[in-house]
Amino acid sequence: MRADPSQRPSPKMRSVWRIISLLSSISLLALPIIYYFLMRYFSFPSFVLMILTGIVLAAILFLTLFLPSLKMKYTAYEIYENELEIQKGMFIIKRIIIPMVRVQHVTTEVGPLLRRYGLSTVNISTAATTHEIEGLEHHVAEKLRDKIVYLARISDDDV
């Protein structure tokens, strides 16, 4: 059995994932707010509001503090001469192996949040789908993109 991939995203990616998780989980605050108005209108018990608020705040803390660290721990990639391996997931770990002969094109992508942290995403397209390696420093992403293109070209010449 092959060892786990050793190349990891930049540590700055943890902050990006925290911001994304925080923005995504803010909608959970609507639950206690809605319950508050229902409680006032229908005379629902107030202790449920306290419990609901506690659960929502605990969920937001879990999603913004714990989950990005867990995601960072299990996100990795490794590039070999004939294939690229990507590992993703938190609770269910998925390991994807992409043969270099299947690579059609490779792009780098930078969104506003990634740009703020100096990070990029590398997209690897095959006939079936597009795979991504996110959270790489710009220069690392460009080197990885160029290396994959070079190895895919060599693999294509061998076929």
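The values are calculated or read from the model by the stated rules, or taken from the named source; none is laboratory data. Because the structure is predicted, anything quoted here is derived from the model rather than measured. Note that we place each Cβ from the backbone using ideal geometry, even for glycine, and neighbour counts take in every protein chain shown.
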Expected single match for without any contact (Cβ under 8 Å) to a residue 60 or more places away in the chain and either touching a strand residue (DSSP E or B) at 6+ places or on another chain (Cβ under 7 Å) or among the hydrophobic types (A, V, I, L, M, F, W, C) (or both) among Met90, Met72 is Met90
Exercise. Given the structure, is Thr108 exposed (fewer than 13 other Cβ atoms within 10 Å of the Cβ) and at pLDDT 90 or above?
Worked result: no
Checked the stretch 1-58 for anything in a loop (DSSP other than H, G, I, E, B) and under 28 Å from Glu85 (Cβ atoms); matches are Met1, Arg2, Ala3, Asp4, Pro5, Ser6, Arg8, Pro9, Ser10, Pro11
Checked against (1) in contact with a helix residue (DSSP H, G or I) (Cβ under 8 Å, 6 or more places away or on another chain); (2) of a type outside the set (Gly, Ala, Ser); (3) surrounded by fewer than 17 Cβ atoms within 10 Å (Cβ to Cβ), Glu142 satisfies every condition except (1)
For the stretch 20-41, pairs from a residue that is touching a residue at least 40 places away in the same chain (Cβ under 8 Å) to a residue that is in a helix (DSSP H, G or I), with Cβ under 7 Å and 6 or more apart or across chains, are Ser21/Leu63; Ser21/Thr64; Ser21/Leu67; Ser21/Pro68; Leu22/Thr64
Determine whether Ser125 is buried (at least 17 other Cβ atoms within 10 Å of the Cβ), among the hydroxyl-bearing types (Ser, Thr, Tyr) and in contact with a His (Cβ under 6 Å, 6 or more places away or on another chain).
-> no
If we keep only residues of the stretch 66-84 that are hydrophobic (A, V, I, L, M, F, W, C) and out of contact with any helix residue (DSSP H, G or I) (no Cβ under 7 Å at 6 or more places or on another chain), then the residue surrounded by the fewest Cβ atoms within 10 Å (Cβ to Cβ) is Phe66
Pairs returned, first residue in the stretch 101-122 that is more than 20 Å from Leu84 (Cα to Cα), second residue that is of a type in the set (Val, Ile, Thr) and surrounded by 13 or more Cβ atoms within 10 Å (Cβ to Cβ), beta-carbon separation under 6 angstrom, 6 or more apart or interchain, are Leu113/Val16; Tyr117/Val16
